[in-house]
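The values are calculated or read from the model by the stated rules, or taken from the named source; none is laboratory data. Computed from a prediction, not measured in an experiment: that's the story for all the values here. Here Cβ is always computed from backbone atoms with ideal geometry, including for glycine, and neighbour counts include all displayed protein chains. When the accessible area is computed, the model is the full protein with side chains, heavy atoms only, and any ligands, DNA or RNA have been set aside. Shrake-Rupley method; radii C 1.70, N 1.55, O 1.52, S 1.80 Å.
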Amino acid sequence: MMYRLTYDPAAEAVHGAMPAVASEPLTLAFAAACQDPVLATEPYGEDDGVMRMIVTDQAFAVLLVGHALKTIKVLQVTYLG
């Protein structure tokens with residue numbers, strides 16, 4: 001079963017404002033995380049399987065994974081470009 005992705009409004013605004021060359025890889029990484037959030041992400045701090053991050057060449061995102069309800073909340077998106 002896939003996980004459902006939701007955004008913090010500020011994180012969504014940053015992702016929406018990114019140029020396509022930076023936004024597309026992040027979008028694809030989010031899609032992979034919805035399939036398997038532990039395999040498709042990296043630990044954020046201690047590897048508890050809950051706080052995770054996605055790192056691309058031009059951005060990174062901090063995620064909160066809710067395994068019981070199959071949700072992923074994007075808490076922060078940072079554009080590095």
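Values as computed for the structure displayed
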read-out	value
Tilt relative to the chain, helix 20-35 - C-alpha long axis, 0 to 90 degrees, to 10	10
Sulfur and carbon atoms: percent of accessible area, the chain [1.4 Å]	60
Percentage relative contact order, the chain, counting C-alpha pairs under 8 Å, at least six apart	36
Label-zone membership for the range 22-48, site V55, 7 angstrom Cα→C-beta point, backbone N under 13 Å	41-45
Nonlocal amide H pairs with M18, under 5 Å, H built at 1.01 Å	none
Per residue value of the accessible surface for the chain (all protein chains in place, 1.4 Å probe), Å²	57
Net charge of neighbours whose Cβ lies under 14 Å from the Cβ of G16, counting Lys and Arg as +1 and Asp and Glu as -1	-3
Cα convex hull of the chain - mean projected area over all directions, nm²	4.8
